[in-house]
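First up is the structure itself, then whatever we jot down about it.
The values are calculated or read from the model by the stated rules, or taken from the named source; none is laboratory data. Because the structure is predicted, anything quoted here is derived from the model rather than measured. Positions of Cβ are generated from backbone atoms using ideal geometry, with glycine treated the same way; all protein chains shown enter the neighbour counts.
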Amino acid sequence: MHRATTTIRHIARREMLAAAAAALATAKDTAWKIGIAQISLSDRLEENQKKIVAYIRKAAAEQCRVVVFPEGSLCAEPAAEAPEIDRSLAEIRAAATAAKIYVLLGGKSIALGEKVSRNWMVAVEPAGKQILRYDKLYDNPRARAPGVFSMDGWGCSAIICADRWLRAIEDLPVFDGARVTFELSNNYDSEWVPELGWYWYVPRAIRNGAYVVLANTCGGGKHGHSAVIAPDGSMVAASENEERLLAVTIDPAQASRKESLRRVDHPILNKFWQAGKRALQSGAPPPEKFEPLVAPEVDVRLSIAQMSCNSGVEANVARMAKLIAEAARGGADVVAFPELAVTGSSESEVKGADARTLAQALRRIQQAARESHVCVVFGMPHIEKNRLTNAAFVLGPDGSLLTRYDQLAVNRPKLFQPGEQASTMWFRVKGVPAVVTIGHDGLWSEIAELTALAGAHLHVHITNEAGSGRDQSLRRMQIWANLASWGTFTATVNAASPAGGGSAIWEDLHRKDETALAKVDRAPEGHEKMAVYSPFSANCLSRAGENERILSAVERMNLKTLHHSMSKNPQMAAWYTLGAQILGPPRNW
């Protein structure tokens with residue numbers, strides 16, 4: 001009897017798996033049409049419910065399979081309580097059933113036994129059944145991260161507005177199979193920064209290799225700009241700040257998640273991402289005691305030397321020596337040069353410099369640092385035991401080699417081998433903990449976040465990227481704004497023309513105060529002098545054009561860094577702590 005029952009179970013399981021595979025195959029042959037209901041909100045629950053039902057019908061009429069509403073769409077002022085919301089949700093589920101459409105809906109209400117309203121979202125399938133309930137962690141830090149849910153066999157994930165800062169919500173579900181990430185937001189109009197565009201969403205799509213769908217409110221005090229972004233970061237469709245249904249057809253099969261899988265398979269980051277997947281599914285263990293590094297309260301003057309790097313090793317090094325002296329005369333504590341500044345970035349330039357030539361270049365730059373008594377960061381290939389790496393060298397004011405870091409996120413694997421140690425990215429300037437990263441490292445923003453959590457207050461990111469068109473320049477700025485937004489004073493250094501230039505200096509040291517002012521439609525004194533003012537992320541203090549120049553800025557270092565995830569996602573604290581340890585400085589540093 002037992003054996004017969006087991007056999008039946010195995011047959012049933014095979015049949016179930018075959019049916020699921022057939023359903024997925026069918027889904028993969030079919031384009032998926034999504035409707036984004038970019039709406040303005042009323043203070044009356046009844047009016048908002050009526051509008052939601054109307055847009056469900058409108059999306060169905062346009063043959064959408066999914067309709068997405070912004071954060072807090074089902075709401076009232078003063079906030080509605082649970083019984084009222086439940087009645088409204090019943091009407092919305094009935095509308096979804098009648099329209100045979102998936103509905104992703106944000107709401108805001110007061111739960112039974114509570115006094116404070118909170119944001120949440122639900123996903124409703126065409127049969128009217130609720131398949132997801134997710135409470136915003138920024139409102140309720142003890143809530144569970146939503147993970148992956150399925151619509152038509154496609155793995156999906158959800159983010160409510162400020163929860164975009166939480167990597168357990170933004171990235172982990174993609175590692176676990178999500179191909180489409182839906183963000184439901186109710187953004188202030190000051191959160192739209194025209195110079196940066198969709199700067200949080202484009203890098204997310206690229207580093208995860210997944211679609212990003214943003215549904216945002218519009219109207220007074222809000223900025224609209226709902227959008228669908230492809231896995232390569234290109235814009236599929238976008239709105240301005242008007243009430244409308246944005247209907248878009250996508251193919252989730254195109255979301256390869258390739259970059260996401262590269263990150264999870266990385267020999268250094270694998271342990272971090274695998275631990276995150278386990279924690280998302282079954283909970284994280286209690287965190288170990290962890291204390292980030294503390295910086296002295298000192299001013300640091302950071303300078304960028306944006307120079308052309310295609311004149312040959314001898315000429316490049318001579319030019320670097322002059323720029324080191326010029327930056328030092330301007331009072332620089334540290335001056336940073338581009339990736340591969342010594343040789344240039346082409347394969348022929350990199351391979352044309354042998355170990356002896358590179359060693360001579362290093363000695364000459366050490367002499368320049370010592371003569372000007374300034375810390376110097378620069379990029380140069382490194383050859384050791386037949387391994388060629390894309391390296392960053394950091395020299396102290398006395399010319400000593402403080403560290404040599406080999407790029408972790410190698411995007412030219414036929415030319416360079418990846419670094420084998422994360423701890424070598426760490427150094428100090430005037431006692432301030434600092435890190436250096438290179439090129440493609442900047443897209444993997446977990447590196448910037450976790451080193452900041454470990455106590456980095458200064459971040460120097462060096463790159464050598466071609467392309468000076470509007471789209472390429474914007475893409476760089478979007479990625480750099482992302483990596484600079486973790487509570488650090490940051491330099492993003494690119495080579496001058498014929499590379500793309502656009503080097504920038506960023507500060508994210510005072511965002512808590514700036515955000516508080518922005519919420520009441522105010523800005524801090526002096527924000528007009530910044531190249532790009534962004535109250536909810538890093539400010540760009542100064543930015544270069546395409547040609548050679550030196551940029552400088554000075555900031556007082558924080559005594560303690562700001563980190564969103566530990567306070568807003570405490571259930572995953574052990575995971576974030578693990579990441580900070582993996583990417584932290586050497587022991588007893």
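Here are some residues: Ala332, Ala328, Ala295, Ala305. Which one is within 28 Å of the chain's Cα centre (by Cα), at pLDDT 95 or above and either over 30 Å from Thr577 (Cα atoms) or buried (at least 18 other Cβ atoms within 10 Å of the Cβ) (or both)? Walk me through it before giving the result.
Numbers: Ala332 fails: within 28 Å of the chain's Cα centre (by Cα); Ala328 fails: within 28 Å of the chain's Cα centre (by Cα); Ala295 fails: at pLDDT 95 or above.
Testing whether each residue is within 28 Å of the chain's Cα centre (by Cα), at pLDDT 95 or above and either over 30 Å from Thr577 (Cα atoms) or buried (at least 18 other Cβ atoms within 10 Å of the Cβ) (or both) leaves just Ala305.
Taking Val394 as the residue in question, decide whether it is surrounded by 23 or more Cβ atoms within 10 Å (Cβ to Cβ), in the same structural domain as Thr463 (by TED's automatic domain parsing), touching a Lys or Arg at 6+ places or on another chain (Cβ under 8 Å) and among the β-branched types (Val, Ile, Thr). I'd like the intermediate steps shown before the answer.
Working: surrounded by 23 or more Cβ atoms within 10 Å (Cβ to Cβ): yes; in the same structural domain as Thr463 (by TED's automatic domain parsing): yes; touching a Lys or Arg at 6+ places or on another chain (Cβ under 8 Å): yes; among the β-branched types (Val, Ile, Thr): yes.
Here the answer is yes, as Val394 does meet what is asked.
Looking for something in the same structural domain as Arg204 (by TED's automatic domain parsing), under 17 Å from Leu214 (Cα atoms) and surrounded by 18 or more Cβ atoms within 10 Å (Cβ to Cβ) - is there at least one such residue anywhere in the range 124-133? I'd like the intermediate steps shown before the answer.
Within the range 124-133, the subset in the same structural domain as Arg204 (by TED's automatic domain parsing) is 124-133.
Subset that is under 17 Å from Leu214 (Cα atoms): none.
Among the residues of the range 124-133, not one is in the same structural domain as Arg204 (by TED's automatic domain parsing), under 17 Å from Leu214 (Cα atoms) and surrounded by 18 or more Cβ atoms within 10 Å (Cβ to Cβ), which makes the answer no.
Of all residues in the range 538-571, count the ones that are part of a loop (DSSP other than H, G, I, E, B) and either at pLDDT 95 or above or farther than 24 Å from Asn186 by Cα (or both).
11
For the range 208-224, does any single residue satisfy the condition of being assigned by TED's automatic domain parsing to the domain that holds Gln63, of a type in the set (Ser, Thr, Tyr) and either surrounded by fewer than 22 Cβ atoms within 10 Å (Cβ to Cβ) or under 20 Å from Ala60 (Cα atoms) (or both)?
Taking the range 208-224 as the starting set, the residues that turn out to be assigned by TED's automatic domain parsing to the domain that holds Gln63 are 208-224.
Filter again for of a type in the set (Ser, Thr, Tyr), leaving 211, 217.
Subset that is either surrounded by fewer than 22 Cβ atoms within 10 Å (Cβ to Cβ) or under 20 Å from Ala60 (Cα atoms) (or both): none.
Looking for residues that are assigned by TED's automatic domain parsing to the domain that holds Gln63, of a type in the set (Ser, Thr, Tyr) and either surrounded by fewer than 22 Cβ atoms within 10 Å (Cβ to Cβ) or under 20 Å from Ala60 (Cα atoms) (or both), one finds none in the range 208-224, hence no.
Taking Leu184, is it surrounded by 23 or more Cβ atoms within 10 Å (Cβ to Cβ), in contact (Cβ under 8 Å) with a residue 12 or more places away in the chain and over 23 Å from Arg475 (Cβ atoms)?
Against the criterion (surrounded by 23 or more Cβ atoms within 10 Å (Cβ to Cβ), in contact (Cβ under 8 Å) with a residue 12 or more places away in the chain and over 23 Å from Arg475 (Cβ atoms)), Leu184 qualifies.
Which of the following residues is assigned to a loop (DSSP other than H, G, I, E, B), over 21 Å from the mean Cα position of the chain (by Cα) and under 30 Å from Ala60 (Cβ atoms): Glu240, Glu288? Explain how you work it out, then say what you get.
On the way: Glu288 fails: under 30 Å from Ala60 (Cβ atoms).
On inspection, the qualifying residue turns out to be Glu240.
Here's the yes/no breakdown for (1) farther than 22 Å from Ala205 by Cα; (2) not in a loop (DSSP other than H, G, I, E, B):
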site: Ala95; (1), (2): yes, yes
site: Ser109; (1), (2): yes, yes
site: Leu132; (1), (2): yes, yes
site: Pro146; (1), (2): no, no
site: Cys156; (1), (2): no, yes
site: Arg164; (1), (2): no, yes
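All but one of (1) of a type in the set (D, E, K, R); (2) on the phi > 0 side of the Ramachandran plot; (3) exposed (fewer than 15 other Cβ atoms within 10 Å of the Cβ) hold for Arg257, so report the exception by its number.
Checking Arg257 against (1) of a type in the set (D, E, K, R); (2) on the phi > 0 side of the Ramachandran plot; (3) exposed (fewer than 15 other Cβ atoms within 10 Å of the Cβ), the one that fails is (3).
Determine the pairs where a residue that is outside the structural domain of Cys64 (by TED's automatic domain parsing) and of a type in the set (A, V, I, L, M), located within the range 98-109, has a partner that is assigned to a strand (DSSP E or B) and at pLDDT 95 or above with Cβ atoms under 6 Å apart, the partner being 6 or more residues away or on another chain.
As it stands, the answer is none, since no pair meets every condition given.
Under 6 Å by Cβ, and 6 or more places apart or on different chains, what pairs join a residue from the range 35-63 that is in the same structural domain as Asn187 (by TED's automatic domain parsing) and under 22 Å from Ala227 (Cβ atoms) with one that is among the charged types (D, E, K, R) and in a loop (DSSP other than H, G, I, E, B)?
Listed by first residue and then by second, the contacts come to Ile39/Glu243; Ser40/Glu243.
Residues checked against (1) surrounded by fewer than 24 Cβ atoms within 10 Å (Cβ to Cβ); (2) closer than 23 Å to Ile505 by Cβ:
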position	(1), (2)
Phe378	no, yes
Leu401	yes, no
Thr437	no, yes
His440	yes, yes
Ala452	no, yes
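Could you tell me whether any residue of the range 201-210 is in a loop (DSSP other than H, G, I, E, B) and within 24 Å of Pro146 (Cβ to Cβ)?
yes
Kindly list the number of the only condition in (1) surrounded by fewer than 24 Cβ atoms within 10 Å (Cβ to Cβ); (2) touching a helix residue (DSSP H, G or I) at 6+ places or on another chain (Cβ under 9 Å); (3) within 27 Å of Glu125 (Cβ to Cβ) that fails for Ala178.
It fails just one condition, (1).
Looking only at the range 495-512, which residues are over 24 Å from the mean Cα position of the chain (by Cα) and in a loop (DSSP other than H, G, I, E, B)? Can you show your working first?
Filtering the range 495-512 down to residues over 24 Å from the mean Cα position of the chain (by Cα) leaves 496-499.
Matches in the range 495-512: Ala496, Ser497, Pro498.
When you check Ala523 against the structure, is it surrounded by 15 or more Cβ atoms within 10 Å (Cβ to Cβ) and in contact (Cβ under 8 Å) with a residue 12 or more places away in the chain, yes or no?
no
From the list Thr490, Thr515, exactly one residue is among the polar types (S, T, N, Q) and in a strand (DSSP E or B). Which is it?
Exactly one of Thr490, Thr515 is among the polar types (S, T, N, Q) and in a strand (DSSP E or B), namely Thr490.
Test Arg278 against the stated conditions and say whether it is at pLDDT below 95, basic (Lys, Arg) and over 16 Å from the mean Cα position of the chain (by Cα).
Yes, satisfied.
Select from the range 246-285 the residues that are part of a helix (DSSP H, G or I), among the polar types (S, T, N, Q) and assigned by TED's automatic domain parsing to the domain that holds Ala145 and list them in ascending order.
Gln254, Ser260
Counting only residues that are surrounded by fewer than 18 Cβ atoms within 10 Å (Cβ to Cβ) and under 21 Å from Arg356 (Cα atoms), how many does the range 405-421 have?
Total meeting the criteria: 2.
Within the range 547-563, which residues are in contact with a helix residue (DSSP H, G or I) (Cβ under 9 Å, 6 or more places away or on another chain) and either surrounded by fewer than 22 Cβ atoms within 10 Å (Cβ to Cβ) or outside the structural domain of Ala491 (by TED's automatic domain parsing) (or both)? Step through it out loud before you land on a result.
Residues of the range 547-563 that are in contact with a helix residue (DSSP H, G or I) (Cβ under 9 Å, 6 or more places away or on another chain), as a first pass: 548, 550, 552, 561-563.
Selection gives Glu548, Ile550, Ser552, Leu562, His563.
I'd like the full set of residues that are in a helix (DSSP H, G or I) and charged (D, E, K, R), limited to the range 62-93. Lay out the reasoning, then the answer.
First, the residues of the range 62-93 that are in a helix (DSSP H, G or I): 82-93.
Residues satisfying the conditions are Glu84, Asp86, Arg87, Glu91, Arg93.
Give the number of residues within the range 110-148 that are without any contact (Cβ under 8 Å) to a residue 24 or more places away in the chain and within 22 Å of Pro570 (Cβ to Cβ).
The total comes to 10.
Counting only residues that are assigned to a helix (DSSP H, G or I) and either within 20 Å of Gly233 (Cβ to Cβ) or touching a Ser or Thr at 6+ places or on another chain (Cβ under 8 Å) (or both), how many does the range 173-189 have?
3
With respect to Leu214, is the statement that it is among the hydrophobic types (A, V, I, L, M, F, W, C), in contact with a His (Cβ under 8 Å, 6 or more places away or on another chain) and more than 27 Å from Ala454 (Cα to Cα) true?
Numbers: among the hydrophobic types (A, V, I, L, M, F, W, C): yes; in contact with a His (Cβ under 8 Å, 6 or more places away or on another chain): yes; more than 27 Å from Ala454 (Cα to Cα): yes.
It is true that Leu214 is among the hydrophobic types (A, V, I, L, M, F, W, C), in contact with a His (Cβ under 8 Å, 6 or more places away or on another chain) and more than 27 Å from Ala454 (Cα to Cα).
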